[in-house]
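Report on one structure; see the data block that follows.
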Amino acid sequence: MNPFARATGPSMTRRLIFSITAMMALLWLLAVGLGLVVMEEEYAEMFDGTLQDTAERLVPLVVDDLEHRGMLGGPDDNRPSTAPQQLQTGNSSGDREYLIYQVRDASGRVLIRSHDAPEQAFETPLKAGFWKDASYQFYTATDDEAQVFIQVADAFENREEALHEGAIALFLPLALLIPVSGIAIWLVVRRAVQPVGDLRRDIESKDGGNMEPIDPSNLPRELQPIATSVNFLMTRLRTALDAEREFTSNSAHELRTPIAGALAQTQMLISELRDPTNRHRASQIEASLTRLSHLAEKLLQLSRAEAGIGISEKPVDLSLVLDMVLTDFWRGMNAPQRLILHHAKGAELTGPFSEDAFAIVLRNLIENALVHGRPGTPVEVFLDNGGPVRIVNASAVMGEGELATIRKRFSRGRTEAAGSGLGLSIVERLLGQMGGKLVLLSPAEGRADGFEARVELPKAG
C-alpha cells in the first residue's frame, strides 16, 4: 500500500464547512420562526388597536349623522322603518374593504352598514368590547345617551395575508444569504486550515533523501507541537538511517578486499587441483564468492543511493556517460555484439544530474537485461533525440503484478539467474533524487514479447 496515495476518507474541511453552514442556516431559520411568532402577536395588537380606534372615532360621527337625519328614537316612534340597504355608504374605489361596520340601535336593528357589510345584523352581542367568531374579529363601541352601537369587523384573512407577506419578506433573503454565506465560510475555513495542508505536504516530502526539520515558527500555535514532535521523530530516524548507511557502506568496503582475496586464492586453487570432485567443490566456492562480491557491490551502490548523490549543480552531457558505460560492458563481454546501441543522430541527454548516479542506473539496468534476458538474444539500448533512454531485452511477457513485485527490494521475479534483487530498487532511488522515473513495460514497445526498462528524466534532450 502506498503511504502517499491520495486520501479517500472524509474531508475535515468539507465536514467543517457543511457543519458551520448547516448550523448557521438552522439558527437563521429558528430566528425567522421566532420573529414570525412575535410578528403575529404584534400584528394582532396593531389590528385590534386599529379596530378599536376606528369604532370609537365613528361613534360621534354616526350619532351626529343620525340626529341630522332624524333617525334617532325608540322602536315605538312614528318614524317609518327604513331598509338598511338604502343607507349604504358609498365606495369610491371599488376595492374590497378591509374593515366593515354596522350601526345598530338598542333593538339590534341595522341602521347603517358599510359597503361590504352584510344586510343581516352581525351575530355579535350588543356589548362594548372585543368579540370574535371563526372569520372576524369585532369591536363594539356604544353611545349610551343615543343608544347606538357601532360594530366594526376585521377579517382574519387580512391578518393572515399580512403575516404571509411578512414571512415571504423574511425568508426570501435567506435563499440568497445562505449560499453566499456558505461560499464565505468555505473561503474562511479553507484559509484557516491551509496551515494544516502545508504541514501535511511538509511531512509527505520527508524521506530518506529529505530529512530537514520543519520550521514551526510559521505555523499556528495549535500545530506547533505536531511539527516539534515530527522534527524529534525525524532526528531519531535520521540518526538510525545514518547509522544504517554507515554500517552498509563500511561493511561493503571492508568486505570487498577479503572477498577479492578469497576469490583469487580460490581461482588459483582450482587451477592447481586435478581431481574432478575437488575442482567441482572449489568451483562452487568460487561461484559463492562471486555472488558475495556482487552483493557487496550492490550494497555499496545502495549506500551511495541512500546518501543522495543524484543531483549535480552543473548540467552535464549524460550521453557521454552512456557511451562510457557501454564501452566498459563491451570490453568485459565474451560476446560484445549482443549489446547494441541505437544512438539517434544529434541526440543529447543533458541536465543537472550526477554522472556517477546515472552510470549506476545504466549499469544496473543493462546488467539486468543481460542476465535475465533470453540467452543469446541481443540487448538493445536506445537514445532518441529528446526522448528517454530505453533498454530492451527478449523475454517472456510479464504481468502487471509481476512488474510491481520486481520493483521491491530483494524481489527477483520468476528467474533462475543469479542476482541480489537490489538493482531496480537502487535505480528507482537514484532516479527519484534526479527527478526522473523508471517505467517498466512488458511486452516491450512495438513488440509482442520482451521487457523494456525506460529511464525518463526531466528536461532531457
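The values are calculated or read from the model by the stated rules, or taken from the named source; none is laboratory data. Quick caveat: nothing in here was measured; it's all calculated off a predicted structure. For neighbour counting, all protein chains shown are included, and Cβ atoms are generated from backbone atoms with ideal geometry for every residue, glycine included. Ligands, DNA and RNA are stripped out before the accessible areas are found, and what is left, the full protein with its side chains, is counted by its heavy atoms. Shrake-Rupley method; radii C 1.70, N 1.55, O 1.52, S 1.80 Å.
When the Cα gyration tensor is reduced to axis lengths a ≥ b ≥ c, the ratio a/c is 1.5 or higher for the stretch 104-185, and with a/b above b/c it is classed as prolate. Between the amide H of V148 and those of D143, distances stay under 5 Å, these residues lying 5 or more places away or on another chain, with hydrogens modeled in the peptide plane. The mean of 1/r over all pairs of different alpha-carbon atoms in the stretch 321-379, once inverted, gives a Kirkwood hydrodynamic radius of 12.6 Å.
Couplings for the stretch 55-61, taken from phi via the Karplus curve 6.51 cos²θ - 1.76 cosθ + 1.60 with θ = phi - 60°, read 5, 5, 6, 6, 4, x, 5 Hz in order; Gly and Pro are left as x. The overall shape of the stretch 125-240 is prolate: from the C-alpha gyration tensor, with semi-axes ordered a ≥ b ≥ c, the ratio a/c is 1.5 or greater and a/b exceeds b/c. Rounded to the nearest whole Hz, the Karplus-based 3J(HN,Hα) values (6.51 cos²θ - 1.76 cosθ + 1.60, θ = phi - 60°) of the stretch 42-50 follow the sequence 5, 4, 4, 5, 5, 5, 5, x, 5, with x at glycine and proline.
For the pairs K206/K298; K345/K437; K206/K408, flag any whose C-alpha to C-alpha distance is greater than 23 Å. From K206/K298; K345/K437; K206/K408, over 23 Å: K206/K298; K345/K437.
When the surface is traced with a 1.4 Å probe over the full set of protein chains, S205 keeps roughly 50 Å² accessible. At a probe radius of 1.4 angstrom, the accessible area of the stretch 125-200 per residue rounds to 60 square angstrom. Phi angles of the stretch 126-135 translate, via the Karplus equation with coefficients 6.51, -1.76, 1.60 and θ = phi - 60°, into HN-Hα couplings of 7, 8, 4, x, 8, 7, 9, 10, 6, 10 Hz per residue; Gly and Pro are given as x.
Using the Cβ-Cβ distance between Q224 and M24 with R0 set to 35 Å, the FRET efficiency works out to roughly 0.70.
Using heavy atoms of the protein chains and a probe of 1.4 Å, the accessible area assigned to R374 is about 100 Å².
Annotation: amide H of V397 within the under-5 Å range of G450, sequence separation 5 or more or interchain, hydrogens built in the peptide plane.
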